[in-house]
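Take a look at the structure below.
The values are calculated or read from the model by the stated rules, or taken from the named source; none is laboratory data. Keep in mind that what you see is a predicted model, and the values were worked out from it rather than measured. Glycine gets a Cβ as well: all are built from the backbone with ideal geometry, and neighbour counts include every protein chain shown. In case anyone asks, the SASA skips ligands and DNA or RNA and just uses the protein heavy atoms, side chains included. Shrake-Rupley method; radii C 1.70, N 1.55, O 1.52, S 1.80 Å.
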Amino acid sequence: MITLYGIKNCDTVKKARKWLEKNGVDYQFHDFREDGMDNVPLKAWLNEFGWQEVLNRRSTSWRALSEVQKNTMDNDSALTLASETPTLIKRPVTTSDGTTRFGFKEQEFAALTGQAN
């Protein structure tokens, strides 16, 4: 089963959800805002991939951080900040069979779901 994490009004999350539905792929959606952060494996993502991969450094939320916060970022501070401000997390996050991916690319989703030619 695929779990898609994100925020429902995020354009990239909308594209991913639309692609999954169009291709008949069952998935579970976890909205960071509505469903909360308690059951999100954020710490595991940070440990496996590092904050540079998990946080979206092109986001408005990232730009709103102070220069000190940006320059001293590490996994621990990323855990705290992203738990409080989930819009810092690169979206969508997709997990399936122990594999985690950040962002949406049709080719990757096709491979993940067995839809690739």
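Quick notes on this structure:
- The condition of being part of a loop (DSSP other than H, G, I, E, B), over 16 Å from Ser66 (Cα atoms) and touching a strand residue (DSSP E or B) at 6+ places or on another chain (Cβ under 6 Å) holds for only one of Arg91, Arg101, that being Arg91.
- Meets criteria (over 16 Å from the mean Cα position of the chain (by Cα) and farther than 15 Å from Ile2 by Cα) for Val25: no
- Candidates in the range 70-113 are the residues that are open to solvent by less than 30 Å² (accessible area, probe 1.4 Å) and of a type in the set (A, V, I, L, M); of these, the one that is farthest from Tyr5 (Cα to Cα) is Met73.
- Residues located in the range 14-69, provided they are closer than 21 Å to Thr99 by Cβ, outside any helix (DSSP H, G or I) and open to solvent by 100 Å² or more (accessible area, probe 1.4 Å): Asp26, Gln28, Asn39
- Count - residues of the range 3-13 that are open to solvent by 10 Å² or more (accessible area, probe 1.4 Å) and either touching a helix residue (DSSP H, G or I) at 6+ places or on another chain (Cβ under 9 Å) or not in a strand (DSSP E or B) (or both): 6
- Each residue in the range 52-74 was checked for being of a type in the set (Val, Ile, Thr) and either under 16 Å from Leu42 (Cβ atoms) or in contact with a strand residue (DSSP E or B) (Cβ under 6 Å, 6 or more places away or on another chain) (or both), and 1 pass.
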